[in-house]
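J.: I'd like to ask you about the structure that follows.
The values are calculated or read from the model by the stated rules, or taken from the named source; none is laboratory data. It should be emphasised that the depicted structure is a prediction, and the values quoted were computed from it without experimental measurement. So basically every Cβ, Gly included, is an ideal-geometry build from the backbone, and we count neighbours across all protein chains shown. For accessibility, only protein heavy atoms count, side chains too; no ligands or nucleic acids. Shrake-Rupley method; radii C 1.70, N 1.55, O 1.52, S 1.80 Å.
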Amino acid sequence: MGYLNNQIGYPTDILSSRSVIKRNNYALIPVEGLVRNIIPGFENCDVTILSTPKLGASFVDYLVTLHADGNNSQGFGGENIETFVYVIDGKISASADNTSYSLTSGGYLYCPAGVLLHLHNDNAGKPSQLFLYKRVYNRIKGYEARIISDNVNNLEKIHYEGMSDVILQDLLPKDLGFDMNIHILSFEPGASHGYIETHVQEHGAYILSGTGVYNLDNEWVPVKKGDYIFMAAYVPQAAYGVGKERFSYIYSKDCNRDVEF
Ligand code: UGY
Ligand code: MN
């Protein structure tokens, strides 16, 4: 069901949903429940807004389908807004500060506050799917963020906390100019976190592949490719990768800043 699966119209069964929305705590938003949102600047695009401050997030996440000629030419972001785009599938051209980046699946671009992100589909008439993020940048004296673009295929695969079957990739530099990072965490079937994390940082996570069982606030929830999860500050969290495929998700995490009163 849902527009992204092209399953709309009359239902074929009793209406039901795997969605779980616990504001300021956690949310699971499966693809079937997503609807289109119209946002100025996005042309020939289907845009769905995921996490927002209404859910308890300090950031905004989006799923964007750029159709043939889909684009954002006016620029996404703003004076105090940092942005990030990741190509889930397809090929786009993304530009920032008059430099253009050709991004295919796994490619990404981070724009610091004040630099607008422009997007154009470049996939020979076929759609491209993007995971998009924005947040108010928390500037500290003496440090600045900068434009970063790469592809996850080029990044170091780190054994997560000493586990060779759980792989972490850091998409942005570990540099105090950055107040957040984007990571990809991948679990071979049967692998899991080493413990249930409880931390001040928030996450917005989009599942790229596989199936998992996720502990969210001490409830075990089955999740799969295409699901989106919001984890608010302090929500207990951990996962097992289950099924035959690698369970993998991209997620944001605030970092490098002290608490302000
Ligand atoms: O970086 C993290 O906090 C990450 N391990 N959290 C998560 O996967 N839920
Ligand atoms: Mn975490």
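J.: Not counting ligands, DNA or RNA, and with a 1.4 Å probe, what is Ile14's accessible surface area in Å² rounded to the nearest 10?
T.: 140
J.: Identify, among Ile8, Ser164, Asn153, the residue whose Cα sits farthest towards the positive end of the charge dipole of the chain, taking +1 on the Cβ of Lys and Arg and -1 on the Cβ of Asp and Glu, with the dipole about the Cα centre.
T.: Farthest towards the positive pole: Ile8.
J.: Continuing with this model, one more query. What does the accessible area per residue of segment 34-153 come to in Å², with a 1.4 Å probe and no ligands, DNA or RNA counted?
T.: 45
J.: Shifting gears a bit: Probe radius 1.4 Å, ligands and nucleic acids ignored: give me the carbon and sulfur share of the accessible area of the chain as a rounded percent.
T.: Looking at the chain in its full context, I get 50 percent from C and S.
J.: In the Gaussian network model of the chain, springs joining C-alpha atoms below 10 Å, which of Asn98, Asn151, Asn215 carries the largest mean-square fluctuation?
T.: The residue with the greatest mean-square fluctuation here is Asn98.
J.: Still on this structure, please answer the following. Counting pairs on different chains as well as pairs 8 or more places apart, how many Lys pairs in the chain have Cα atoms under 13 Å apart?
T.: Close lysine pairs under the 13 Å cut-off: 6.
J.: Also, quick follow-up: Taking the dipole about the Cα centre of the chain, with the C-beta of Lys and Arg at +1 and of Asp and Glu at -1, give me whichever of Phe230, Tyr137, Ile21 is farthest to the positive side.
T.: Ile21
J.: Further question: Tell me the net charge near Thr211. Cut-off is 14 Å between Cβ atoms, Thr211 excluded, with +1 for each Lys or Arg and -1 for each Asp or Glu.
T.: Overall, the nearby charge balance is +2.
J.: While we're on this one: Might you report the magnitude of the Cβ-based charge dipole of the chain about its Cα centre, with Lys and Arg at +1 and Asp and Glu at -1, to the nearest 20 debye?
T.: Using Cβ point charges on Lys, Arg, Asp and Glu, the chain gives about 280 debye.
J.: Using a simple charge model, +1 on the beta-carbon of Lys and Arg, -1 on the beta-carbon of Asp and Glu, nothing else, what dipole does segment 103-192 show about its Cα centre, in debye to the nearest 20?
T.: Here the size comes out at about 440 debye.
J.: What is the dipole size for segment 34-153, taken about its Cα centre, with +1 at each Lys and Arg Cβ and -1 at each Asp and Glu Cβ, in debye to the nearest 20?
T.: Approximately 300 debye in magnitude.
J.: Next up: Whenever you get a sec, line up Glu82, Glu156 from highest to lowest accessible area (probe 1.4 Å, protein heavy atoms).
T.: Highest to lowest solvent-accessible surface, that is Glu156, Glu82.
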